[in-house]
Amino acid sequence: MGSLRSSGSGAAVPVESVDPEAACALLASGQYGYVDVRMWEDFDKGHVAGARNVPYYLSVTPHGKEHNPHFVDQVAALHAKEDQFLVGCRSGIRSRLATADLVAAGFTSVKNLEGGYLSLLKSASYPQPTASHH
């Protein structure tokens, strides 16, 4: 009878996290996509090349955070459940929650970017932005 326990909290879901160096290697391999779960204003200021933006929160105010109720469905519209992709936010907290939600929804090859986009920018392995190369 205990199978209905805490399905919404995501606390019991194991989340696999990768550090910035490992993330850079996975992205460079071309085998992994990247879902950025920051709000679009932050995404527009700078993001990983080829990233898809699916905000985990619709708004963040001093009064609280408004969760995106369609988050999992929106990711599912971009990626199949067996697709390999990284989930990143600004500092790694939001992406861990988002990754747990995706794993709970049946995504099998999703990894959380430890430390978020900020840690990626500081990583020696991350390709620094260069002049336009179209």
Cα centroid of segment 57-81 to Cα centroid of segment 109-129, whole Å: 21
Could you provide, to the nearest whole Å², the per residue accessible area of segment 45-87 with probe 1.4 Å? 61
Show me the ranking of peptides 93-99, 63-69 by mean Cβ neighbours inside 10 Å, starting with the highest. 93-99, 63-69
Space enclosed by the convex hull of the alpha-carbon atoms of segment 36-115, per residue, Å³: 90
Any number yet on Rg/Rh for the chain, C-alpha, Kirkwood? 0.98
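Taking 0.36 nm per intervening residue step and subtracting the Cα-Cα distance, what contour gain separates Asp19 from Asp42 on full extension?
In short, 6.2 nm is gained.
How many percent of DSSP beta bridges within segment 17-122 run antiparallel, rounded to 5? If you can, show how the numbers build up before the last one.
Numbers: 4 of 16 bridges.
Rounded to the nearest five, the antiparallel share is 25 percent.
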Give the relative contact order (percent, whole number) for the chain; include only Cα pairs under 8 Å separated by 6+ residues. 30
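The values are calculated or read from the model by the stated rules, or taken from the named source; none is laboratory data. As the structure is a computational prediction, the values presented were derived from the model and not from experiment. Neighbour counts are summed over all protein chains in view; Cβ atoms, including those assigned to glycine, are modelled from backbone coordinates with ideal geometry. What goes into the accessible areas is simple: the full protein's heavy atoms, side chains included, and nothing from ligands, DNA or RNA. Shrake-Rupley method; radii C 1.70, N 1.55, O 1.52, S 1.80 Å.
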